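The values are calculated or read from the model by the stated rules, or taken from the named source; none is laboratory data. Here the structure is a predicted model, which means the values were calculated and not measured. FYI the Cβ positions are ideal-geometry reconstructions off the backbone, even for glycines, and counts take in every protein chain you see. Please note that ligands, DNA and RNA were not included when accessible areas were found on the heavy atoms of the full protein model with its side chains. Shrake-Rupley method; radii C 1.70, N 1.55, O 1.52, S 1.80 Å.
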Amino acid sequence: MKTLLYFAFRNLARQKRRAVLLGSAMALGTCFLVMASSFVAGITQTLFDRVMVYVAGHTSVLVGDRGYLYRTALRGQAGMKERIAKLPHVRKVEETIGIMCRIVGPAKGDNGVLIGIDMDVDISPEEQRELEENFPMAAGEFLDMNRTDVINPAVLSKTKAKYLGLELGGEFSARYQDSRGRMQVTKFTLVGIFQPSNAFMEAPFFVSMRNAKILLDLDSTDLPYLYLTLDNPTVNAKSVADTIHRMFEPDLAALPVTIRGKTASFGTVAAGVKTDSAARKRMEGIVGSAIVWKDDVVALPTSLASRLSVSVGDTVGVVSGVARTGDTIVDRAVVAGLWTPPDGAGDLVLWQEDAFQASRSFRRPSADDSGLVQVRAASSVLDTLLSPTWVRLPRALTTEDVANQMRQIGARSWKAPVVAVRTMYETGEQIIKLADALNMITLVAVLILFLVVLTGVVNALRMTVRERTREIGTLRSLGMQAWQVRRLFLMEAALLSLFSAIAGTILALVSMKGLSLLSFPIEDNPLSMLLVRGHLVFVPRPGVTVVHILLVMGMALLAAWNPASQAAKLSPANALRHHE
Amino acid sequence: MRTHPHRIHTLAILALCTAAWSADPDGAKILKALEANDLLSADIHSQVAITENRVGQGAKAMKCEYFRRDADKSFVIAITAPESDRGNGYLRQGDHFWMYRRNTRTFQHVNRDESIGGSDAKGQDFESRPLTQMYAPTKDAQGRELVRADTVGGVPCWRLEVRAIVSDVDYPKKTMWVRQSDLLLAKDQSYSSQGTLMRTGYYTKYQKVAQRQVPMRQVHVDEVEKGNRTLVDLSDIKVGKLDPAIFTKAWLESRSK
């Protein structure tokens, strides 16, 4: 083996010019393959680590309310955050708020996104470095969002600040909708200006999470969006998401209410009842309703209706608690029918789901809240008609699934709050597909390139065999076996391709380093999203590079097989007689 | 596209107040009167022209046809101009609210809090709710309603301050100027919960249509982004039963061809 290796080396050295030319072609091919693959990996990493992670976290818990996109809080479920933080592989759980808004500066107005940043969480040096990389400050400090000597300190991108005509210390207004759906306008002070790392980062403006919660009217019991940072997200994101999904098992919803009739008021419990066409048909059977079971209607227990002196068609007041504003929440509802609750359900009032869930959403939760026992007792009769605490959406495994869920939320398919658990790989599944497609295109292009190069290898080896026929005869005469001759030529091809691929890889690394130093001033172009602060990003992956080198060597061996076999088939006598 | 369907909708919502009313100012009664006229008993069809003036962007004009049937909370907005938006439209059927795009020939659900065509209007704005279920007159420390005489453009009005009694309304506070002579809305101002003035609306040129007074012109002034204003002009109002086929996706789609 050693001898063969020595011969192979010596033969390559003997034919320097040919080896260098062939090797250069292979090295260039390898260089292109490594660079293209690293570029695609760089784009993917940029989109995931600098865009998707801010849009979706490694894993995220998203909440919505009855067809509203921006009412992003699950009332009374703040405790879930602590439970999620204790799960394995969860490094950090951050509350996230992102609200579309209209920013009005001294010069102009523009659309933007108000984002709350949790300034109280400890961040690792690595995260600090990432933060500084993503938000290099052009003026002021990111931590100035904690300042208390100015009104609502905020940080804007340089592009946005310039467009709005703002300078550090300047004031601007933003019009937005709070988590209860009310239009608000608030003044902010610009305390920091950052250089956006890509076009995607130009739109948001940041305020501290503490301020954002106040502005959006979220209280300490509300659970907003949660973005999770995980250890090794590519491996753990899906399993963590599945676990959290299981944790959000919904229960039946109950609401303590007081029903105001004509002559009296009585405290009882209400359950929400669905109003789709199938539910309506069933409800008409249960309450014998002459009034269509939709809009703001209730069905009262017969005994309660009697005590309230109301009958079908009358209007009652439904008092469902106190809003955060301090106002008593009173809805008016038409009595659509009377019903007889089963044992244990007490005087359970059945309330049309949309109004029922609206009241749950607006009322201030109370420690005395009860009624679940009565609602559960009623489930023996009403089962799937009853409204849940929230709807847990199925895990969306693709971007298309995610889009479908968003469409269904818009279509008000669910009248209860909704909870969805996703990973950024599902939300950004199209990015992975795009990266796979780019990798495949690159590979095919490089394979075609190598076919051309290896045609040269075949020809070169054929010429070599012809030139060295007498030498082969001598070696065979000295006892070298046919398989050893074949192996010798294959070894030459392998060594040539190995050195070429290594040289190509080194060339690729040097070229990538050089290209990543170049700056592309295309801030206004959407393609800048693929750059980091105007620089190309290459992410060479050692494993993939080794596979590429092995691929090049494999193709070279395949190309060399036929000429090597022909050399092996030569009889020693004929070979020795060979003359050019 | 920058439309203001909300403004269009409010035309119908606020097309009311016919009987003269000479009693003492009573905020609750004024609101009740507005609410009593809230629902139109008949279907309505009109032409609407909307002109938006935005700072730095000049004026943008849009025309559309508006069909409304309150019996089942349905309406259709079919955009007829400008050419770039012609054929686009909106359809509301009960809980469902779709946006139709001619270019893609698709209907897309509009979220309740989603902006309509980049305007201030949201899907939720089209959900009719009785006025007195949303607002009540604001009272002072002595429990008196904040109603007093005032004028708008020289016209004697009742100036009425109202506050939201439920949480899910756009504006927690409003001030309304209602004409004393016929109790038609002349002007309103909408405030955020912190008390910042956000929007002012002027309602002029009322016309009697099927026993109702309809504001033929509305001007909405954006008080946050100074200089932005929207003008809504109504014309060719017809009242009477509309073909049920109008309130369907197929009809709206056929208008784009």
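Checking residue A:46 against (1) modelled with pLDDT of 90 or more; (2) assigned to a helix (DSSP H, G or I), only one condition comes out false. Which one?
(1) is the only condition that residue A:46 fails.
Based on this model, can you work out whether residue A:37 counts as buried (at least 21 other Cβ atoms within 10 Å of the Cβ), touching a helix residue (DSSP H, G or I) at 6+ places or on another chain (Cβ under 7 Å) and under 30 Å from residue A:129 (Cα atoms)? Break it down stepwise before answering.
On the way: buried (at least 21 other Cβ atoms within 10 Å of the Cβ): yes; touching a helix residue (DSSP H, G or I) at 6+ places or on another chain (Cβ under 7 Å): yes; under 30 Å from residue A:129 (Cα atoms): yes.
Against the criterion (buried (at least 21 other Cβ atoms within 10 Å of the Cβ), touching a helix residue (DSSP H, G or I) at 6+ places or on another chain (Cβ under 7 Å) and under 30 Å from residue A:129 (Cα atoms)), residue A:37 qualifies.
Among the helices (runs of 4 or more DSSP H) lying completely within segment A:221-338, list those that include at least 3 residues that are over 30 Å from residue A:397 (Cβ atoms). If you could, list the steps in order and put the result at the bottom.
Working: elements: A:233-247, A:277-287, A:302-308.
So the answer is A:277-287, A:302-308.
Quick check on residue A:277: is it open to solvent by 30 Å² or more (accessible area, probe 1.4 Å) and in contact with a Pro (Cβ under 8 Å, 6 or more places away or on another chain)?
Numbers: open to solvent by 30 Å² or more (accessible area, probe 1.4 Å): yes; in contact with a Pro (Cβ under 8 Å, 6 or more places away or on another chain): no.
Criteria not met by residue A:277.
In segment B:175-201, what residues are outside any strand (DSSP E or B), more than 13 Å from chain A (Cβ to nearest Cβ) and within 25 Å of residue A:328 (Cα to Cα)? Break it down into steps so the answer makes sense when it comes.
From segment B:175-201, those outside any strand (DSSP E or B) are B:180-184, B:192-196; that's our starting set.
Restricting the remaining residues to those that are more than 13 Å from chain A (Cβ to nearest Cβ) gives B:180-184.
Across segment B:175-201, there are no qualifying residues.
Confirm whether residue A:298 is within 45 Å of the chain's Cα centre (by Cα), more than 20 Å from residue B:132 (Cα to Cα) and open to solvent by less than 60 Å² (accessible area, probe 1.4 Å).
On the way: within 45 Å of the chain's Cα centre (by Cα): yes; more than 20 Å from residue B:132 (Cα to Cα): no; open to solvent by less than 60 Å² (accessible area, probe 1.4 Å): yes.
Against the criterion (within 45 Å of the chain's Cα centre (by Cα), more than 20 Å from residue B:132 (Cα to Cα) and open to solvent by less than 60 Å² (accessible area, probe 1.4 Å)), residue A:298 does not qualify.
Of all residues in segment B:224-235, count the ones that are away from every other protein chain (no Cβ under 14 Å) and open to solvent by 80 Å² or more (accessible area, probe 1.4 Å).
Final tally of qualifying residues: 0.
Those residues that are closer than 28 Å to residue A:296 by Cα, part of a strand (DSSP E or B) and open to solvent by 20 Å² or more (accessible area, probe 1.4 Å), I need them from segment B:140-174; list them, please.
B:161, B:163, B:173, B:174
Going through segment B:176-218 one residue at a time, which ones are open to solvent by 20 Å² or more (accessible area, probe 1.4 Å) and in contact with a Gly (Cβ under 9 Å, 6 or more places away or on another chain)?
B:187, B:189, B:202, B:204, B:210 - these are the residues of segment B:176-218 that are open to solvent by 20 Å² or more (accessible area, probe 1.4 Å) and in contact with a Gly (Cβ under 9 Å, 6 or more places away or on another chain).
Look through B:32, B:60 and report the one residue that is in contact with a Pro (Cβ under 9 Å, 6 or more places away or on another chain) and open to solvent by 40 Å² or more (accessible area, probe 1.4 Å).
Numbers: B:32 fails: in contact with a Pro (Cβ under 9 Å, 6 or more places away or on another chain).
Residue meeting the stated conditions: B:60.
Name the residue that is farthest from the other protein chains (Cβ to nearest Cβ), counting only residues in segment A:168-191 that are touching a residue at least 24 places away in the same chain (Cβ under 8 Å) and open to solvent by 40 Å² or more (accessible area, probe 1.4 Å). Give the steps one after another, and end with the answer.
Within segment A:168-191, the first condition is being touching a residue at least 24 places away in the same chain (Cβ under 8 Å), and the residues that meet it are A:168, A:170, A:172-182, A:184, A:186-191.
Then keep just the ones that are open to solvent by 40 Å² or more (accessible area, probe 1.4 Å); that gives A:168, A:187.
Details: A:168: 23, A:187: 9 Å.
Once the filter is applied, the top-ranked residue is A:168.
Please work out which one of (1) of a type in the set (D, E, K, R); (2) buried (at least 20 other Cβ atoms within 10 Å of the Cβ); (3) touching a Ser or Thr at 6+ places or on another chain (Cβ under 8 Å) is the condition residue A:468 fails and give its number.
(3)
Looking at A:471, A:492 in this structure, which one is more than 30 Å from residue A:444 (Cα to Cα), part of a helix (DSSP H, G or I) and more than 28 Å from the chain's Cα centre (by Cα)?
Numbers: A:492 fails: more than 30 Å from residue A:444 (Cα to Cα).
On inspection, the qualifying residue turns out to be A:471.
Which condition number does residue A:499 fail, the rest of (1) modelled with pLDDT of 85 or more; (2) farther than 30 Å from residue A:49 by Cβ; (3) buried (at least 17 other Cβ atoms within 10 Å of the Cβ) being met?
The single condition residue A:499 does not satisfy is (3).
Just to verify a result, which residue in segment A:422-431, among those that are crowded, with 17+ Cβ neighbours inside 10 Å and of a type outside the set (Gly, Ala, Ser), is nearest to residue A:548 (Cα to Cα)? Reasoning before the result, please.
Applying the first criterion (crowded, with 17+ Cβ neighbours inside 10 Å) to segment A:422-431 yields A:422-429, A:431.
Filter again for of a type outside the set (Gly, Ala, Ser), leaving A:422-427, A:429, A:431.
Values: A:422: 33, A:423: 30, A:424: 28, A:425: 25, A:426: 28, A:427: 30, A:429: 25, A:431: 23 Å.
Top of the filtered list is A:431.
Could you check residue B:38 against (1) among the acidic types (Asp, Glu); (2) in contact with an Asp or Glu (Cβ under 9 Å, 6 or more places away or on another chain); (3) at pLDDT 85 or above and say which number it fails?
Only one criterion in (1) among the acidic types (Asp, Glu); (2) in contact with an Asp or Glu (Cβ under 9 Å, 6 or more places away or on another chain); (3) at pLDDT 85 or above is unmet by residue B:38, namely (3).
Looking only at residues in segment B:100-131 that are at pLDDT 75 or above, surrounded by 18 or more Cβ atoms within 10 Å (Cβ to Cβ) and facing another protein chain (nearest Cβ under 10 Å), which one is nearest to residue A:411 (Cα to Cα)?
Of everything passing the filter in segment B:100-131, B:109 is nearest to residue A:411 (Cα to Cα).
I'm trying to understand the selection: among the residues of segment A:69-120, which are away from chain B (no Cβ under 14 Å), closer than 27 Å to residue A:255 by Cα and of a type in the set (Lys, Arg)?
Matches in segment A:69-120: A:81, A:83.
Name the residue, out of A:380, A:366, that is within 37 Å of the chain's Cα centre (by Cα), among the polar types (S, T, N, Q) and open to solvent by 20 Å² or more (accessible area, probe 1.4 Å).
Of the residues listed, the single one that is within 37 Å of the chain's Cα centre (by Cα), among the polar types (S, T, N, Q) and open to solvent by 20 Å² or more (accessible area, probe 1.4 Å) is A:366.
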